[in-house]
Amino acid sequence: MRRALFWLNRVLFYLLVVFVVIYSVFPFYWAVISSFKPSSGLFSPDPSFLPIPFTLEQYRNVFVGTAFGRNLLNSLIVAGGATLLSLVLGVLAAYALGRLRFPPKNAVLYIVLSMTMFPQIAVLGGFFVLLRQVGLFNTHAGLILSYMLFTLPFTVWVLVGYFRGLPREMEEAAYVDGATPLQTLLRVMLPLTGPGLVTTGLLAFIAAWNEFLFALTFTVSDAVRTVPPAIAFFGGATPFEIPWGSIMAASVVVTVPLVILVLVFQQRIVAGLTAGAVKG
C-alpha cells in the first residue's frame, strides 16, 4: 500500500511539473514559431506546431523600414542607465539602512517600501507635469528618472537584507584600522555582496526593459521611444490590420537578450537568491 502511494505521489508530482513547464514555456514557443511563419499561415484553420513553411519575412518587416533598431538601443540605454544609477544609490542607501545606526532608520526603510506599493498610474500625471517643466520630457534622462521610481526602492529594499546578513566583525576590524564608513563599504562590504548585486541588478534591468506605461506616456518620437511602446505602434497594411507576425518576431527579439543574461548569470542569481533567503 505504501509503495503504491509512493508511486502515485511521484506520478502526480511529475504530472504537475510537466503541466507547469508546458504552461510557462508554451506561450513563448508559440511566439517563436509564429515569428517564422508567413502572415497567411498565422490564422490557418489547421494550426501547425512547427514553422512550416519557414520564412524570415516577419523579422525583415521588423527591422526594414522601421526604427526598431533605434528602439532597442533606447531600451538598452534607459534600462541600463536606470539599473546602474539604482545600484549606485541603492548600495549607499542600503548600507546606511542595514549597518549604520540612526534614529529614523526603520521609518525611512518603511517609507522606501511604501513607494513600491503605489501603482504607476497614481504618479503618472504629476510626473508628466514635472518632466515637462524641467525640460526632460521625451528624453532618455527623463525616462531613466521615471524608471527609478520603481527600480530604486526595489534595489534598496533587497540589498538591505544582504548588508544586514554580513559579519559585523569584518566591519569593526576595518574601523579599527582607521577606515571611514565609505571606505569600509567599498573595500570590505561591497565585494561580499556580489551575488546580491547581480541578482538585484538583473531583476531591476528586466523590470525597466519591459516597462510600458511610462515609456508610452513620456515619449513622442522614435528617437527616444523604447521597445514595448514601439511594438504597440506596429501597423499593418491597413489601419484595421494587426501585424501579429511582426509583433511576435519583435517580442522574440526583445526576449532573447533577457534569456541570455539569465543563462550567463544563472549561478550568481541562484547564489544571490539563496543568500537572500537565508539572511532574511
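The values are calculated or read from the model by the stated rules, or taken from the named source; none is laboratory data. These numbers come from a predicted model, not from an experiment. In this analysis, Cβ positions are derived from the backbone assuming ideal geometry, glycine residues included, and neighbour counts consider all displayed protein chains. Keep in mind that these areas ignore ligands, DNA and RNA; they rest on the heavy atoms of the full protein, side chains included. Shrake-Rupley method; radii C 1.70, N 1.55, O 1.52, S 1.80 Å.
Side notes on the structure shown:
- Equivalent ellipsoid semi-axes, segment 67-233, via Cα gyration tensor eigenvalues times 5, rooted, Å: 34, 17, 13
- Considering only Leu213, Leu15, Leu136, the mean-square fluctuation computed in a Gaussian network model of the chain, springs between alpha carbons under 10 angstrom, is largest for Leu15.
- Scalar couplings 3J(HN,Hα) for segment 149-162, obtained by applying the Karplus form with A = 6.51, B = -1.76, C = 1.60 to θ = phi - 60°, are 4, 10, 6, 5, x, 4, 4, 4, 4, 6, 6, 4, x, 5 Hz; x denotes Gly and Pro.
- Cα shape, segment 136-239, gyration tensor, a/c 1.5 rule: prolate
- For segment 13-21, the Karplus equation 6.51 cos²θ - 1.76 cosθ + 1.60, evaluated at θ = phi - 60°, returns couplings of 4, 5, 5, 5, 4, 4, 4, 5, 5 Hz by residue, with Gly and Pro reported as x.
- A protection proxy built from the mean count of other Cβ atoms within 10 Å ranks the segments 153-159, 98-104, 201-207, 60-66, most packed first, as 153-159, 201-207, 60-66, 98-104.
- Nearest-10 value in Å² for the accessible area of Asp46, using the 1.4 Å probe: 120 Å²
- Accessible surface of segment 67-233, 1.4 Å probe, proportion on carbon and sulfur as whole %: 71 percent
- Ranked order, Met189, Met117, Met248, Met170 - accessible area, probe 1.4 Å, largest first: Met117, Met170, Met248, Met189
- The orientation-averaged projection of the convex hull spanning the C-alpha atoms of segment 1-69 amounts to 7.1 square nanometres.
- Anisotropy class of segment 42-104 from Cα gyration tensor, a/c 1.5 cut: prolate
- Stretchable slack from Val129 to Leu42, in nm (0.36 nm times residue separation minus alpha-carbon distance): 27.1 nm
- Working from label points 7 Å from Cα in the Cα-to-Cβ sense, the Met117 to Asn210 distance is 2.4 nm.
- The residue list Val11, Ala96, Thr83 was ranked by how far each Cα lies along the charge dipole of the chain toward its positive end, using unit charges on Cβ atoms, and Val11 comes out on top.
- Among Phe163, Phe13, Phe49: highest mean-square fluctuation, GNM of the chain, C-alpha pairs under 10 Å: Phe13
- Most mobile listed residue (Val262, Val18, Val134) in the chain, GNM with C-alpha springs under 10 Å: Val18
- Per residue, the accessible area of the chain comes to 58 Å² when a 1.4 Å probe rolls over the protein heavy atoms.
- A simple packing score, the average count of other Cβ atoms within 10 Å per residue, orders the peptides 82-88, 30-36, 119-125 as 82-88, 30-36, 119-125, with the highest score first.
- Under the Karplus curve 6.51 cos²θ - 1.76 cosθ + 1.60, θ = phi - 60°, whole-Hz ³J(HN,Hα) for segment 77-84, x wherever Gly or Pro sits: 5, 5, 5, x, x, 5, 5, 5
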